[in-house]
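The values are calculated or read from the model by the stated rules, or taken from the named source; none is laboratory data. Note that the structure is predicted; figures quoted are calculated from it, not measured. With ideal geometry, Cβ positions are generated from the backbone for all residues, glycine too; neighbour counts draw on all protein chains shown. Note: areas computed on protein heavy atoms with side chains; ligands, DNA, RNA excluded. Shrake-Rupley method; radii C 1.70, N 1.55, O 1.52, S 1.80 Å.
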Amino acid sequence: MGHVTGLIYCLDLGVACGVAYGRPGDVPKSGTVRLKKKGEAIDMAFANLVAFLADEFNRERPALIIKEKMLALQAFMAMGNAESTVRAHAGYHAIVEAMSVRFGIPWDEVADSTARKHFIGIGRTGDREETKRAVVARCHALKLMPADCSDDNRADALAIHDW
């Protein structure tokens with residue numbers, strides 16, 4: 001992708017969507033956006049993601065969007081995820097890619113294990129929860145998140161931004 005000097009916008013996609021954005025060398029701003037309430041249909045999450053990204057990109061257009069790469073279908077099967085989960089994740093990724101095209105913003109993606117290996121030195125530290133705790137702890141050590149915050153979605157977006 002080459003050297004980017006403008007705003008880099010990073011996403012850890014899911015119902016709780018982790019977001020981190022900033023310029024290279026600056027401490028990124030970060031947080032999590034809840035795309036739907038419990039019990040709402042997935043189309044509400046899709047609509048809210050479109051609205052959120054449009055608001056963000058109209059406020060300040062990024063030079064680059066980086067999202068966590070969607071898992072391979074085999075990985076969804078191995079984790080026992082339902083068809084609805086696969087559909088939701090495919091939808092999130094399609095929306096980000098479409099919004100990137102719509103706003104003329106280049107995008108890239110990175111495997112979660114690649115971003116984590118860069119950020120914590122290893123792609124996986126054991127089980128999923130242990131790995132997420134290690135990413136959160138690294139965010140605390142680097143003072144990227146408040147010490148009282150344990151939001152792994154925000155932490156994953158920050159790891160992607162660091163990558």
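Would you confirm, using the coordinates I've provided, whether residue 152 is open to solvent by 40 Å² or more (accessible area, probe 1.4 Å), within 25 Å of residue 51 (Cβ to Cβ) and under 16 Å from the mean Cα position of the chain (by Cα)? Judged against the criteria, residue 152 is a match.
In the set (1) in contact with a helix residue (DSSP H, G or I) (Cβ under 7 Å, 6 or more places away or on another chain); (2) free of Cβ contacts under 8 Å to residues at least 40 places away in the same chain, the condition left unmet by residue 141 is number (1). Among all positions in segment 102-113, there is at least one residue which is at pLDDT 90 or above, in a helix (DSSP H, G or I) and out of contact with any His (no Cβ under 6 Å at 6 or more places or on another chain). Within segment 114-128, if we keep just the residues that are modelled with pLDDT of 85 or more and farther than 27 Å from residue 48 by Cα, the residue that is surrounded by the most Cβ atoms within 10 Å (Cβ to Cβ) turns out to be 116.
The residue that is most open to solvent (accessible area, probe 1.4 Å), among those in segment 1-20 that are touching a Pro at 6+ places or on another chain (Cβ under 8 Å) and either among the acidic types (Asp, Glu) or assigned to a strand (DSSP E or B) (or both), is 8. Applying the condition of being within 22 Å of residue 16 (Cβ to Cβ) and buried (at least 17 other Cβ atoms within 10 Å of the Cβ) to segment 94-108 and asking which residue is nearest to the chain's Cα centre (by Cα) yields 96. The single condition among (1) surrounded by 14 or more Cβ atoms within 10 Å (Cβ to Cβ); (2) in contact with a strand residue (DSSP E or B) (Cβ under 9 Å, 6 or more places away or on another chain); (3) modelled with pLDDT of 95 or more that residue 68 does not satisfy is (3).
If you go through segment 30-64 one residue at a time, how many are aliphatic (A, V, I, L, M), within 26 Å of residue 3 (Cβ to Cβ), touching a helix residue (DSSP H, G or I) at 6+ places or on another chain (Cβ under 9 Å) and assigned to a strand (DSSP E or B)?
Going through segment 30-64, the residues aliphatic (A, V, I, L, M) turn out to be 33, 35, 41-42, 44-45, 47, 49-51, 53-54, 63-64.
Pick out the ones that are also within 26 Å of residue 3 (Cβ to Cβ) and you get 53, 63-64.
Then keep just the ones that are touching a helix residue (DSSP H, G or I) at 6+ places or on another chain (Cβ under 9 Å); that gives 53.
Narrowing further to those that are assigned to a strand (DSSP E or B): none.
Number satisfying all stated conditions: 0.
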